[in-house]
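Student: Got a structure for you, questions after.
The values are calculated or read from the model by the stated rules, or taken from the named source; none is laboratory data. Everything quoted here is computed from the prediction, not taken from an experiment. All Cβ positions, glycine included, derive from the backbone under ideal geometry; neighbour counts span all protein chains shown. In case anyone asks, the SASA skips ligands and DNA or RNA and just uses the protein heavy atoms, side chains included. Shrake-Rupley method; radii C 1.70, N 1.55, O 1.52, S 1.80 Å.
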Amino acid sequence: MIKAKFVFRGLGVTLVALASSVGCERASRHSVGLLGSTSIQPFAEVLAEQYMKKSPGQFVEVQGGGSTAGLQGAANGLADIGMCSRALTAQESSQFAQILIARDGLAVVVNLENPIVGLSLEQLRDVFAGRTTNWMEVGGRDGPIRPITREEGSGTRESFVRLVMKKERISRRAMTQESNGAVRELVKGDPATIGYMSLGLVGKELRAVVVGGAAPTVENVLAARYALVRPLLFVTRGAANPAAQAFVDFVLSTDGQKLLETEGLVRAE
Amino acid sequence: MRQDRLIGGVLRLVALSAISGLALITVFIFKEGLPIILRVGVFEFFLSSDWDPSLGHFGILSMIGGSVVVTAGATLIGVVFSLGLAIVLTQFSPPGLASALKPAVELLAGIPSVVYGFVGVVTLVPLIRYCFGGPGLSVLAGSIVLGIMILPTITSISIDAIQAVPRSYFEGSIALGATRWQTVTMVQLKAARTGIVAAVILGMGRAIGETMAVIMVAGNALELPHSLLDPVRTLTSNIALEMGYASGDHRQALFATGVTLFVIITLLNIAALAVSRRRTGKTAV
């Protein structure tokens, strides 16, 4: 008897699975695919979750891969919307339609034990270019500086280069980590390190330093006092399809923007 | 009879399709990678350590150096411990212990590399930073993690090689008055030499090809390391770090990095094959 029951339950599960996969198949016509920046990904997931709760029958799928992958995905139709966490180049902006969904402060983070309070943009540039190599030179304790950068192609890296490094190159001695999480782990464990990441991702285990006299806060970003700000973009090739446009409308609505603000981003305006 | 031939044919087809996968990969990475090497210039590509894809600089010398250094370190660590293990397991341990230890060593091969990397980041890296200074993410950390990862490869092949030495060698040596240790080092290891060398080369091949664990513990800086405590980027790390984003020339340059790695590993495998062939006269291990 028990056995038979299990078999039936198993059958039932299989049937439900089959039915739902068929359901998915049908829903995928209304589904919106997002692909790109790992900096936007967590926020997009929250937005997608709320959106799907609000409008049943709509399905939004969010994938990471990086800003460049997002642009590629939007270009070749792999995704309905590409996510890009840096300003587009002139060539790219002629190729894509871009929608500013929010702005993000780029925080420069150090270990909690590091007494350094602030750095000027020039000091920051010197540190990452490898010219300043001791914390004492910028008003800290005696000890080597270990800059941590992100990998080539990361939107966070490209924004940092554009905003801080200008024409200069990041030192070849800088350690390279492939995610915000890895940068956080490293900075958390080593008082000599300095890294950068999205303001919304800093958390309590790291300290974001004052850059150019302005603390990295949402108010300072809004008032344009904090210098390191980058756009978070949705890009599409041509006009977005109706399902994608509905999602974009939600993101730009008061609700969507509020949601992004509670997650630590700065509204698009 | 006809059925036999049919089954034989089907099996041959299956076997060939597996090999054709290899051929396909080879053709593909060379097709994608070679043009950029020629365009950048062979010297520039292999002998410059200036890697900055956004500016169009593609020089992989520091990554080649990184791979060589980390692999050498891993081989050194791997060989010391693997040979020790192989000797103990074949010569100096009661059968019970050997039958418990050998599967344990082989189990090491089954642990996913990301787990090695994670354990390395959480325990080894802070330890190195605390004891020796430096960032912790370093050549040393990479070498130790890889050294442990190649233990099972080197150990099990070395054990096979030592066990393949005829028992009469051992008996003859003991009969001549040599001690057990003298017999092991001067007779058995010597006779198993080629097999052990092949084992070491295969271990090196594995070390140089490992990716995930190295990315996590080696720091991935672009500069050639000046000491064991400096961070380093290997060929495999370079591909895996940047592949997700790369397009155009950058993508091709990563394939060219893959071509370099492919050639190095192929050479290592050919060396291993050649060495082990010399031992038996015709067949490989």
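Student: Please name whichever of A:Ile170, A:Pro115, A:Met197 sits farthest to the positive end of the charge dipole of segment A:105-229, dipole taken about the Cα centre and charges placed at Cβ: Lys and Arg +1, Asp and Glu -1.
Tutor: Looking along the dipole axis, the top candidate is A:Ile170.
Student: Here is a further query. What is the gain in length, in nm to one decimal, between A:Asp249 and A:Leu78 on full extension, counting 0.36 nm per residue of separation less the C-alpha to C-alpha distance?
Tutor: Difference between extended and current length: 59.4 nm.
Student: Of the heavy-atom accessible surface of the protein assembly as shown (probe 1.4 angstrom), what whole percent is carbon and sulfur?
Tutor: 64
Student: Another question, then. Charges on Cβ only, +1 for Lys and Arg, -1 for Asp and Glu, centred on the Cα centroid of segment B:60-234; of B:Leu76, B:Thr183, B:Ser93, which one is farthest towards the dipole's positive end?
Tutor: B:Thr183
Student: Could you run the numbers on buried accessible area between A and B, total for both chains, 1.4 angstrom probe, in Å² to the nearest 100?
Tutor: That pair of chains buries around 2100 Å² in total.
Student: Then there's this: Under 20 Å from a point 7 Å along the Cα-to-Cβ line of A:Glu261: which residues of segment A:86-117 have their amide N that close?
Tutor: What the label zone holds, given the 20 Å backbone N cut-off, is A:100-106.
Student: Evaluate E = 1/(1 + (r/R0)^6) for B:Leu97 and B:Asp249, where r is the Cβ-Cβ distance and R0 equals 41 Å; express this FRET efficiency to the nearest 0.05.
Tutor: Taking R0 as 41 Å, the efficiency between B:Leu97 and B:Asp249 is 0.15.
Student: What value in Å³ per residue do you get for the convex hull of the alpha-carbon atoms in segment A:216-260?
Tutor: 89
Student: Okay, next question. When chain B is modelled as a GNM with alpha-carbon springs shorter than 10 Å, which of B:Leu22, B:Leu137, B:Leu11 fluctuates the most?
Tutor: Per the Cα network of chain B with a 10 Å cutoff, B:Leu11 tops the list.
Student: At a Förster distance of 45 Å, what's the computed FRET efficiency of B:Val115 paired with A:Glu269, Cβ-Cβ distance as r, to 0.05?
Tutor: Result of the calculation: an efficiency of 0.50.
Student: Moving on. Could you name every residue in segment B:25-60 that has 40 Å² or more less accessible surface in the full protein assembly than in its own chain alone (probe 1.4 Å, ligands and nucleic acids excluded)?
Tutor: There are none, since nothing in segment B:25-60 loses 40 Å² or more relative to the chain on its own.
Student: Follow-up question, since we're still on this one. Tally Lys/Arg at +1 and Asp/Glu at -1 over every other residue whose Cβ is under 9 Å from the Cβ of B:His250; what's the total?
Tutor: Surrounding charge for B:His250 is -2.
Student: Can you give the extra length, in nm with one decimal, that the chain gains between B:His226 and B:Ser48 once fully stretched, where that is 0.36 nm per residue apart less the Cα-Cα distance?
Tutor: 62.4 nm
Student: List the residues of segment B:109-131 that lose 30 Å² or more of accessible area once all protein chains are present, compared with their chain alone (1.4 Å probe, heavy atoms only, no ligands or nucleic acids).
Tutor: Those residues are B:Arg129.
Student: Return a whole-number percent for the relative contact order of segment A:105-229, with Cα pairs under 8 Å and 6 or more residues apart as the contact set.
Tutor: Worked out over segment A:105-229, it gives 42 percent.
Student: Modelling each spin label as a point 7 Å along the Cα-to-Cβ direction, I'd like the B:Leu127/A:Met136 distance in nm, to one decimal.
Tutor: 3.3
Student: Within segment B:238-256, name every residue whose backbone N is under 18 Å away from a label modeled 7 Å from Cα of B:Phe28 along the Cβ vector.
Tutor: In segment B:238-256, the label zone of B:Phe28 (backbone N under 18 Å from the point 7 Å along Cα→Cβ) covers B:239-248, B:251-256.
Student: Still on this structure, I have one more. Given contacts defined as C-alpha pairs under 8 Å and at least six residues apart, what's the relative contact order of chain A, whole-number percent?
Tutor: Contact order relative to length: 27 percent.
Student: How much of the pair distance distribution for segment A:105-229 lies past 18 Å, counting alpha-carbon pairs only, in percent?
Tutor: When every Cα pair of segment A:105-229 is considered, 46 percent fall beyond 18 Å.
Student: Could you give log10 I(q)/I(0) at q = 0.08 Å⁻¹ for the protein assembly as shown, computed by the Debye formula over C-alpha point scatterers of equal weight, without solvent?
Tutor: Here log10 of I(q) over I(0) equals -0.69.
Student: Which one of B:His226, B:His250, B:His57 has the biggest mean-square fluctuation once chain B is modelled by GNM with Cα springs under 10 Å?
Tutor: Maximum fluctuation in the GNM of chain B, among the listed residues, is at B:His226.
Student: Of the residues A:Ser85, A:Ser94, A:Ser37, which exhibits the maximal mean-square fluctuation in a Gaussian network model of chain A defined by a 10 Å Cα contact cut-off?
Tutor: Result for chain A, Cα springs under 10 Å: A:Ser94 fluctuates most.
Student: Mind putting a number on the dipole of the protein assembly as shown about its Cα centre? Charges go on the C-beta only, +1 for Lys and Arg and -1 for Asp and Glu, and I need it in Debye to the nearest 20.
Tutor: 1600
Student: Simple spin-label model, 7 Å along Cα-to-Cβ: A:Lys167 to A:Lys188 in nm?
Tutor: 4.0
Student: At 7 Å along the Cα-to-beta-carbon direction for both B:Glu106 and B:Ala72, put a label point, then send me their distance in nm to one decimal.
Tutor: Distance between the two pseudo-spin positions: 3.4 nm.
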